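Below: the structure, in structure tokens.
The values are calculated or read from the model by the stated rules, or taken from the named source; none is laboratory data. Keep in mind the model is a prediction, meaning the values are calculated, not measured. Because the Cβ atoms are built from the backbone with ideal geometry, glycine has one as well, and the counts that use them run over all protein chains shown. In case anyone asks, the SASA skips ligands and DNA or RNA and just uses the protein heavy atoms, side chains included. Shrake-Rupley method; radii C 1.70, N 1.55, O 1.52, S 1.80 Å.
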Amino acid sequence: QAKQIGSNRYHMFDVSLHEETRAGHQTLERIRIAMLQGELCLYYQPKVNLRSGQVIGFEALIRWQHPQDGLVLPPDFLPLIEQSELIVEIGEWVIDQALQQIEQWAEQGMALPVSVNIAAPHFKNDVFFDRLNTLLAQHITVPPRLLEIEIVESAALGDVAEVGKVIATCQGLGVTFSLDDFGTGYSSLNYLRRLPVDTLKIDQSFVRDMLDDEEDLALVEAVISLARLFGREVIAEGVETADHGVLLMRLGCDIAQGYGIAYPMPAAEVVAWVQHYQPEPQWKLWSDLKWELCDLPLLVA
């Protein structure tokens, strides 16, 4: 620690910090073993077109099927590994698993895009394009357009231009990109101008409260307007009720995901879910109608 802070100084040894650090290293190694032993898995959350009622894709979300603790959700183990090299290994594993799943679903007659979340360290890795190209080559039957890579705004911190080049190069392979949790971090027109992403994802914290919070409603409408202005697609996370879907259609956002549509599910349940999916009747009722924003209080009521 003294060396990291600078020369000509000392630093007192902290036993508790040492134990915490050692425990962290042990947990990282345990997660690595979990990946190698098949304890990690992907759950899939549907994305639907509210207006047409069609299922248009899935987002792959990592889970840890722990032998003793059961199903462990990402907040309980991802933050620890996001600042380590292990996050790059796991990111590549997720891409590979998603491509395998796309292949399996295609054999069952279902060809739908799958999006995967990739952490910022990947974009500081010079070999990301090469590794992505290699993974796509290992799944030659999968059209690259069926793979979407989601990144958060923080991935571009420090060098937006360089990250933009990486995205553009990978898009040359046929994959698409989306900017996740848009509006929560460092959003600016500069991001939209210099990052050639295909889609903006409106963060669920805005969507979830937009029926009651005027500021969240204004933010959702602003993101949708920005997406339209810059020629980007837009998708809303956090749709929990029928009213959320109705309002999103009114604002011009037709693609959504959230617990009001479906919770993330194991891959084995996806095909049956798609076959039996019934859109919310209220969305069909409003899908062909136009209204003004001043009508919103009456519509919500």
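Numbers below:
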quantity	calculated
Residue match in segment 258-271 (condition: touching a helix residue (DSSP H, G or I) at 6+ places or on another chain (Cβ under 9 Å), open to solvent by less than 40 Å² (accessible area, probe 1.4 Å), closer than 16 Å to Lys201 by Cα and touching a residue at least 40 places away in the same chain (Cβ under 8 Å))	yes
Cross-chain or 6+ apart pairs with Cβ under 7 Å, segment 226-240 first and within 17 Å of Asp181 (Cα to Cα), then of a type in the set (A, V, I, L, M, F, W, C) and part of a loop (DSSP other than H, G, I, E, B)	Arg232/Val197; Val234/Cys253; Ala236/Cys253; Val239/Ile261
3 or more residues more than 20 Å from Glu150 (Cβ to Cβ): qualifying helices (runs of 4 or more DSSP H) within segment 1-101	2-5, 15-36
Any hit, segment 12-27, residues being open to solvent by less than 20 Å² (accessible area, probe 1.4 Å) and not hydroxyl-bearing (Ser, Thr, Tyr)	yes
Single condition Ile87 does not satisfy, out of (1) open to solvent by 50 Å² or more (accessible area, probe 1.4 Å); (2) out of contact with any strand residue (DSSP E or B) (no Cβ under 8 Å at 6 or more places or on another chain)	(1)
